[in-house]
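Here's the structure, in structure tokens; my notes come after.
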Amino acid sequence: MMTKILKFIDLFAGIGGFHIALDRLGHKCVFASELSDELRVLYQENFKMKCHGDITKIDIKNIPSHDILCAGFPCQTFSKAGNQKGMQEARGKLFDEILKILSYHKPRYFILENVRNLLTHDEGNTWEYISKELEKLGYYFDKKILSPHYINIPQHRERIFIVGSLNSFEIQNVEWINKESYYTSIDNILNHSEIETDLEPEKIKVLNVWQEFINDLPPNLDPYRPLWSMEFGATYPLDIDWQNLSLIEWQKYKGNYGYSLALCNSIEDVFNHLPNYVKTQKGIPPKWKQNYIKNNRDFYKNNKKFIKPVILNAIKSFKQESWKKFEWNCKGLNRDFNNKLIQFRGSGVRIKRDDYLPSLVTVSTQIPIIGKYMRYLLIEEGARAQSLPKYIKLPNTRSASFRVLGNMVNVELVYRVASTLLNSSKKNVISEINVDEHGNECSQKVKRPSSQIAV
């Protein structure tokens, strides 16, 4: 029997991850919306259809009727990496645009994607709001945290997928992907031809210094994580409001790398010899930050005999404070950076095992570095990590391309999720359903399997 072709809309479309996945299943996109001018042009070029602009300025009546609503609605406001203002800011309120469309058009299905922090944001109030509003519209829905590495794609990118239907049986019979336990090498997505390194010389120097630092530690001693080298030798107090200390009080202590604050003649000079997180802290620092600082000081105190002064001086000379922080995420593994994955992040120089490609992000300065080649991940390699087909055209620059890749849904994950949702009505329950021209139920007769027949 031929599968019914369903109509779908692609909201907050980006480069079109939902479009690619649903098209692969044989369904038809009838409407797309994307705020970015550049991405709208690319969308139209890639899919040969118009992509509309700001969804808040589009009359719902002008959106075609459809069977499936797809949306990877803006996540930055819910992400741990963002300000977490959620629905208090304009981007967070965009979920209400989805609700308006669901209310007006009543598509049979929806597929939504966002950061996993959506579940716990604002102590769970955000998810409670989303749940209640979907229920009011008559939808049955389910959710699952999924990542490409669950299906043998070497990228750790956990996101929440929410699927819904007007038919409760279809949600009851969704078979979610289960996490597998296996080693997934990034070799599956890499170009192995010889490519000249594009890593900046100053970053190569930073990596060489941290490589020597960790090589000098005993084999059974891993550096504290996260390592904040600025705390080596520091003694300033932790459980008070730093902004309220007087100059005389500061002068009793030591700042970055043990610098005597008694040498400072002003509060401004004091703060020049303290870490940035001291300068920006409002009120008494939280316990987790106090613990990080204390543990870093203890690590240095107990192990400074293994740290060469010349190496510590080299770390002190790094021009970025984030380069003075170090995250060793390879406990128990050999210490050669050449078979690791590397990232320069705001939280520090991060070293991970080579099967753990970190989640691609929109910040071009955080593009992963392939240790064995000492080069950045290529655009086409990032595209493979997001299951993007070769025929999809990306922006012309590396920074713009990785901004797109960092924002998009993983195509293969969407394909798997959509497949199980749209096939769920065929599993466990045999249904005779009359549908209107949009695929919505008009009436329904359900034949229960024999095991479910009431006695």
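The values are calculated or read from the model by the stated rules, or taken from the named source; none is laboratory data. Computed from a predicted model, the values in this text were never measured in an experiment. Backbone-built Cβ (ideal geometry, glycine too); neighbour counts: all protein chains shown.
Please work out which residue is nearest to N62 (Cα to Cα), limiting yourself to the stretch 1-12 and to residues that are part of a strand (DSSP E or B) and under 26 Å from the mean Cα position of the chain (by Cα). So that I can check it myself, show each step before the final result.
Just the residues of the stretch 1-12 that are part of a strand (DSSP E or B), to begin with: 7-11.
Right, trim to under 26 Å from the mean Cα position of the chain (by Cα) and you get 8-11.
Working: F8: 14, I9: 12, D10: 14, L11: 14 Å.
My answer is I9.
T365: more than 30 Å from R225 (Cα to Cα), without any contact (Cβ under 8 Å) to a residue 24 or more places away in the chain, outside the structural domain of I162 (by TED's automatic domain parsing) and not basic (K, R), yes or no?
Working: more than 30 Å from R225 (Cα to Cα): no; without any contact (Cβ under 8 Å) to a residue 24 or more places away in the chain: yes; outside the structural domain of I162 (by TED's automatic domain parsing): yes; not basic (K, R): yes.
The answer is no for T365.
Read through the list (1) modelled with pLDDT of 90 or more; (2) assigned by TED's automatic domain parsing to the domain that holds A13, then give the number of the only condition that S425 fails.
(1)
Could you give me the residue pairs with C-beta distances under 9 Å whose first residue belongs to the stretch 379-400 and is outside any loop (DSSP other than H, G, I, E, B), whose second residue is of a type in the set (S, T, Y) wherever it lies, and which are 6+ apart or on separate chains?
I379/S401; G382/S401; A383/S401; R398/S364; R398/Y376; S399/S364; S399/T365; A400/S364
In the list L69, L25, L35, which residue meets the criterion of being touching a residue at least 60 places away in the same chain (Cβ under 8 Å) and within 19 Å of K93 (Cβ to Cβ)?
Numbers: L25 fails: within 19 Å of K93 (Cβ to Cβ); L35 fails: touching a residue at least 60 places away in the same chain (Cβ under 8 Å).
So the residue among L69, L25, L35 that is touching a residue at least 60 places away in the same chain (Cβ under 8 Å) and within 19 Å of K93 (Cβ to Cβ) is L69.
Would you mind telling me which numbered condition in (1) surrounded by fewer than 18 Cβ atoms within 10 Å (Cβ to Cβ); (2) at pLDDT below 95; (3) within 22 Å of I370 (Cα to Cα) K282 fails?
(3)
Which of the numbered conditions does I267 fail, given that it passes all the others? Conditions: (1) of a type in the set (A, V, I, L, M, F, W, C); (2) surrounded by fewer than 14 Cβ atoms within 10 Å (Cβ to Cβ); (3) out of contact with any helix residue (DSSP H, G or I) (no Cβ under 6 Å at 6 or more places or on another chain).
Going through the list (1) of a type in the set (A, V, I, L, M, F, W, C); (2) surrounded by fewer than 14 Cβ atoms within 10 Å (Cβ to Cβ); (3) out of contact with any helix residue (DSSP H, G or I) (no Cβ under 6 Å at 6 or more places or on another chain), I267 breaks only (3).
Just name the residue that is farthest from the chain's Cα centre (by Cα) out of those in the stretch 41-70 that are under 27 Å from L422 (Cβ atoms) and of a type in the set (D, E, K, R).
For the stretch 41-70, the residue satisfying everything is K61.
Mind listing whichever residues of the stretch 341-374 are over 22 Å from I151 (Cα atoms), assigned to a loop (DSSP other than H, G, I, E, B) and among the aliphatic types (A, V, I, L, M)?
Matches in the stretch 341-374: V363, I367, M374.
I'd like to verify a number: residues in the stretch 13-63 that are assigned to a loop (DSSP other than H, G, I, E, B) and in contact with a helix residue (DSSP H, G or I) (Cβ under 7 Å, 6 or more places away or on another chain), how many? Steps first, answer last, please.
To start, the set of residues in the stretch 13-63 that are assigned to a loop (DSSP other than H, G, I, E, B) comprises 13-16, 25-27, 34-36, 48-51, 53-54, 58-59, 63.
Still in the list and also in contact with a helix residue (DSSP H, G or I) (Cβ under 7 Å, 6 or more places away or on another chain): 13-16, 25, 34, 50-51, 53, 63.
Qualifying residue count, the stretch 13-63: 10.
Mind listing just one residue for me: the one in the stretch 285-305 that is out of contact with any Gly (no Cβ under 9 Å at 6 or more places or on another chain) and surrounded by fewer than 14 Cβ atoms within 10 Å (Cβ to Cβ) and, of those, farthest from N220 (Cα to Cα)?
Within the stretch 285-305, the subset out of contact with any Gly (no Cβ under 9 Å at 6 or more places or on another chain) is 285-296, 298-299, 302-303, 305.
Those left that are additionally surrounded by fewer than 14 Cβ atoms within 10 Å (Cβ to Cβ): 286-288, 291, 294, 298, 302, 305.
Numbers: P286: 31, K287: 28, W288: 26, N291: 23, K294: 22, D298: 17, N302: 14, K305: 15 Å.
Filtering first and then ranking leaves P286.
With a cut-off of at least 2 residues that are in contact (Cβ under 8 Å) with a residue 60 or more places away in the chain, name the helices (runs of 4 or more DSSP H) lying wholly within the stretch 189-293. Reasoning before the result, please.
Numbers: elements: 201-215, 247-250, 267-271, 276-279.
So the answer is 201-215.
Taking the conditions exactly as written (part of a helix (DSSP H, G or I), in contact with a Lys or Arg (Cβ under 7 Å, 6 or more places away or on another chain) and touching a residue at least 12 places away in the same chain (Cβ under 8 Å)), does N303 satisfy them or not? Show your work before the answer.
Values: part of a helix (DSSP H, G or I): yes; in contact with a Lys or Arg (Cβ under 7 Å, 6 or more places away or on another chain): no; touching a residue at least 12 places away in the same chain (Cβ under 8 Å): yes.
Spelling it out, it is not the case that N303 is part of a helix (DSSP H, G or I), in contact with a Lys or Arg (Cβ under 7 Å, 6 or more places away or on another chain) and touching a residue at least 12 places away in the same chain (Cβ under 8 Å).
Restricting to the stretch 318-359, and then to whatever is over 20 Å from M230 (Cα atoms) and of a type in the set (G, A, S), can you tell me which residue is surrounded by the fewest Cβ atoms within 10 Å (Cβ to Cβ)?
Here the answer is G332.
Among (1) touching a residue at least 60 places away in the same chain (Cβ under 8 Å); (2) within 23 Å of I214 (Cβ to Cβ); (3) surrounded by fewer than 18 Cβ atoms within 10 Å (Cβ to Cβ), where does I370 come up short?
Every listed condition holds for I370 apart from (3).
Within the stretch 134-166, how many residues are outside any strand (DSSP E or B) and modelled with pLDDT under 95?
Initial filter on the stretch 134-166 (outside any strand (DSSP E or B)): 134-139, 147-155, 157-158, 166.
This time we only want the ones that are modelled with pLDDT under 95, so: 147-155, 157-158.
Total meeting the criteria: 11.
Filter the stretch 254-285 for residues that are under 21 Å from F299 (Cβ atoms) and aliphatic (A, V, I, L, M); which is farthest from the chain's Cα centre (by Cα)? Write out each step before concluding.
Here is the first cut: in the stretch 254-285, the residues under 21 Å from F299 (Cβ atoms) are 254-259, 273-278, 285.
Among the residues that remain, those that are also aliphatic (A, V, I, L, M) are: 274, 278.
On the way: L274: 31, V278: 27 Å.
Among those residues, the one meeting the criterion is L274.
Within the group S431, S451, which residue is of a type in the set (S, T, Y), modelled with pLDDT under 95 and in a helix (DSSP H, G or I)? Write out each step before concluding.
Numbers: S431 fails: in a helix (DSSP H, G or I).
Matching residue, one of S431, S451: S451.
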